[in-house]
Structures are given as structure tokens and as C-alpha cells.
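Participant: Right, I'll just put the structure down here and ask away after.
The values are calculated or read from the model by the stated rules, or taken from the named source; none is laboratory data. Here the structure is a predicted model, which means the values were calculated and not measured. Virtual Cβ from ideal backbone geometry, glycine too; neighbours counted across all protein chains shown.
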Amino acid sequence: MLNLLMPPSSYREEDRSWWLNDVRSLQGALRNHARLTGTQTADVAIIGGGFTGMWSALALLDRHPKLRITVLDAFRCGEGASSRNGGKAHGYWSSLGRLSQQLGASAALATARLGDKAQDQLRSFCTSSGRDCWWQESGNLAISTAASQDYKIAEAVAVAARMGVADSVVALSQDEMVQHIKAPLFRGGLLYREGATVHPARVAHYLRAEIQARGCAIYEDTQIAAITPTENGAVLHSANGQLTAGKVILTTNFALSSLAHLRPHLTNFSSYATMSRPAPEALRGHGWLGSVGAADLRMFLHYFRKAGDRVLMGAGSGPIGFGQALQAERLRQDKPSLRRPANALQRLLPGFSTQDIERSWGWPIDVTADRLPYAARLKGQNIFYGGGFSGHGVNPTLIIGQCLASLVTGQDDEWTRSPFCQRKMPSLPPEPLRFIGGSAVRWGIMSCENDEEDGHSPNMAARFCAALPRLTGMSIGLR
């Protein structure tokens, strides 16, 4: 029997994102589906009704329209990480250098091109008639805000040229950056034309409606506590019922650490975001007239985008989790982490102040040792799983949905042959070294990046802690 972890409640008001509050205005957005009761059956059961689970359901139906698919969520489909992110949609062109080092040039290019394919499918879904997902496609900026980040601009351009995809990125001088957004700290950067922005909770809302319209059974407020594998599939057990399925897909995000063989390869961090009040004058003052998205070139980056006349600022620098303690308050309500995006908004875009903040929130994220998601099958069982988005999920969840659908249906295609399914995942140190070491690295990198942005030289302790991943040969935490 496989026991599953209980994820944190997505219903707590203090954890609710601005996106979730906004989506309540849509018809049917507040009505939950019934709990699983009695004894039910399905061809495929999907545990976890976020982006990954719902994209998996649609991809399966595209392949086999008559499949009986059931999607189960412990709370409400699409109200976990899927509705609490920054809503920035892009693939892997901005990660080409890192991927080529980890996977080789050919696999890195294949990964980036699958991101393009996913972006096309995401665009098609979000812009279909009747879906107001706030899709805006003007590219994504990667901005240097300190002299120590400048080398990354030339490096990214050189990597793209060397790999024959020079048109995937454009270097911007400080004067050219002003044409997109002007701010005192912006020194220049890169423009990746693939980037788009969406309203993530609206995407989740329309996905939920689509899988229902195409015949999926949906059970919400249904925590699956355990799975019993059988010769022909598995039996899912909840408090009020059970479901027998021929095949099972686990898309429970950070709760996938319940799988013992995955624990060496995963850790849980947290990401925090802030949404401003409407501020059209501040946006005009910064010359931010288009819809381009942006992020700085830190390792623990700040990501930001417009949402109408508002700005969302996020920081992928929340506390690290310890083991399987998914309910830890520091992963959702860490006060310094709640303040960090608001402070970054004022520092990076000084036309805004901390008084302009409407809402801030945090949520756990699952991070793999190489920062690339995965899809796989439990050895010898009809149980499949996918996750590991490492804070980058709007586009990659669709990729993993396609991978899982192909794995479940036994297809040999570009999805199952990709590094998402085929690579050997590196490992992290065991607990408590993972937590202690990860916390030290986080402190060191954040200290170095703060000092460098302020024009100061980081102290020796911070430099040493920041260098630990490189010194120990790890792929995560590299500056």
C-alpha cells in the first residue's frame, strides 16, 4: 500500500492569492464538485487537480476520447500552486546554457522546442472563444540589476549563437531596455520573445470546465489517503469511498515526496508574491506601456509582470522545507518572505511604494536537484507520476501532462523520449543535511546578491556558503 501525504489546505483566507480572489467573479467559480463516496471505477484516475493533472486529462482525451477519466483533488481543482504563481508562461530558451551543460546540446535544444510546442498549445487554449485568460504575449525580459550579473547577458547570447539558435534571444543595452521598462537599477538585459503572461486562476477555472465538458468525472474535497496496487491497476482509498482504476496518475506537486524513491531527488522550497493596487501613473512613469514580463538575473530571482494597471512582484527565495513537513507555516506565512516581494517592488520600480500593496501570499514549490520536471512510471505498477517544476510551471505543466498521457497510453513519441522522461535525476544530500545545507546556501546567495546590488563586496562567510553547491558538484543553487 502506498500512503499519500496530506497537502496544506488551499482554503485558508490568509493564504489566498489575488488571482483566486479575482476569479470568484466568474460563473461557477465557487461551486465545488461532490466528494468521492461509495465504490466507483475509472479507466484512469488522476490524483491532484492542478494544472498538471488537468492537462494530463485533456491530453489523454485527445489520444483516446472514450477513456473514462476521474480527477480527484483534496480541496478544489486548480486552487493550489496553479492559482498562486506569477502567471508567466514561457519554455526553456532562457535555460539553454544550464540545460546544455546538464543534458548536452541536442537534448537541451529538444527540451526548448518542446517548450515551444507547449506554448503553442497553451496559447490556443487561452485564446479560444469564450475564455478570458488575460493572455498577453510580448516576450520576457531578463534584467541585470548589478555589475555581477552583467556577464550573464553576453553568456546567454554566446550560448544561443553557438547552438545555432541566435534568434531565440536579443541582448539589450541600458538605452534599449528603457524602451520596455525604465528604472534606475536596470543596466541592460535580454529579451526572450517566447514569453507571455496569463491570469493563472482563470486558466485553471477554464481547464476545470473543459475537462468536465469532455466527460471527466471530478471529485473535490477528496483526500486520497492510500493507494493499493492490484494486478490490473489500483484501488484508491478516501474517507468516504474508494475508486478502482486501471491506471493512476499522481500529480500532487510537492506532496509527491510521499514516494520514497523520489525523496533523494526533491526538496521543497517556497515562493512568495505581492500584487499592487492599480497604479497607472507609476507604470507610465516607468515607461511600462506594453505587456512584456520581466525578471532580474539573480539566482534567487525576482519576477514581475503587469496585470492590467497592477504589478505582480514575486520572489523565488522563500524558506526551504524540512523533509515531508508540508504543513510548515514558513512555507506559506514567513513574514520576511512576505515582505521581500513588496520591498523588491519599491527597490526595482521606485515609482511604487510598499503602501501600494494590495495582497501578498506564499506557497510551497517542489524543486528537483537539476531544476527540471519529470514524468515516470512506478516500476512494475500501473501508477504514473509527474512534477518537480521548481517554480516554473505554467508552460511546463502542459509538457508533463503530455508526457504522462503518452506514458499511460504506451506511446513512444517525442514526449516520452524527452529528458523529462529519460534522464537520470541527480540526488540531494539526505536530511537533516539537506535542510541545514540548503538553508546555509540560501542565506549565502541572498546575502551576496543583496550586497552586490547595493554596490558592496559580500563577506567571506556569505561567499563560502553561496559557493557550496559548486564546490560539492551539485546542479541546484548555482549562481
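Participant: Just to be sure, is Asp366 on the phi < 0 side of the Ramachandran plot, acidic (Asp, Glu), outside any strand (DSSP E or B) and in contact with a Ser or Thr (Cβ under 8 Å, 6 or more places away or on another chain)?
Facilitator: no
Yes/no matrix, rows are residues, columns are (1) assigned by TED's automatic domain parsing to the domain that holds Pro396; (2) in a strand (DSSP E or B); (3) aliphatic (A, V, I, L, M):
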| position | (1), (2), (3) |
| --- | --- |
| Leu58 | yes, no, yes |
| Leu67 | yes, no, yes |
| Cys77 | yes, no, no |
| Leu96 | no, no, yes |
| Ala107 | no, no, yes |
| Ser128 | no, no, no |
| Ile153 | no, no, yes |
| Ala158 | no, no, yes |
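Participant: May I pose another question? State which residue pairs qualify: first residue not assigned by TED's automatic domain parsing to the domain that holds Val71 and inside segment 221-238, second residue crowded, with 19+ Cβ neighbours inside 10 Å and at pLDDT 95 or above in any location, beta carbons under 9 Å apart, and separation of 6 or more residues or different chains.
Facilitator: From residues that are not assigned by TED's automatic domain parsing to the domain that holds Val71, there are no pairs.
Participant: Related question: Taking the options Arg284, Arg208, name whichever one is without any contact (Cβ under 8 Å) to a residue 24 or more places away in the chain, farther than 30 Å from Leu428 by Cβ and assigned to a helix (DSSP H, G or I).
Facilitator: It is Arg284.
Participant: While we're looking at this one, here's another question. Only one of these conditions is not met by Glu137: (1) touching a residue at least 12 places away in the same chain (Cβ under 8 Å); (2) more than 12 Å from Gly195 (Cβ to Cβ). Which number is it?
Facilitator: (2)
Participant: How many residues does segment 422-479 contain that are among the aliphatic types (A, V, I, L, M) and touching a Lys or Arg at 6+ places or on another chain (Cβ under 7 Å)?
Facilitator: Total meeting the criteria: 5.
Participant: Could I ask something else about it? Where the second residue is modelled with pLDDT of 95 or more and hydrophobic (A, V, I, L, M, F, W, C) and the first is more than 14 Å from Gly246 (Cα to Cα) and surrounded by fewer than 15 Cβ atoms within 10 Å (Cβ to Cβ) and lies in segment 36-47, which pairs have Cβ atoms under 8 Å and are six or more apart or on separate chains?
Facilitator: Pairs found: Thr39/Leu243.
Participant: Which condition from (1) modelled with pLDDT of 95 or more; (2) closer than 24 Å to Cys133 by Cβ is the one that Ala342 breaks?
Facilitator: Answer for Ala342: the failing condition is (2).
Participant: Do we have any residue at all in segment 63-79 that's touching an Asp or Glu at 6+ places or on another chain (Cβ under 8 Å), free of Cβ contacts under 8 Å to residues at least 40 places away in the same chain and either farther than 23 Å from Gln333 by Cβ or not small (Gly, Ala, Ser) (or both)?
Facilitator: Yes, segment 63-79 contains a residue that is touching an Asp or Glu at 6+ places or on another chain (Cβ under 8 Å), free of Cβ contacts under 8 Å to residues at least 40 places away in the same chain and either farther than 23 Å from Gln333 by Cβ or not small (Gly, Ala, Ser) (or both).
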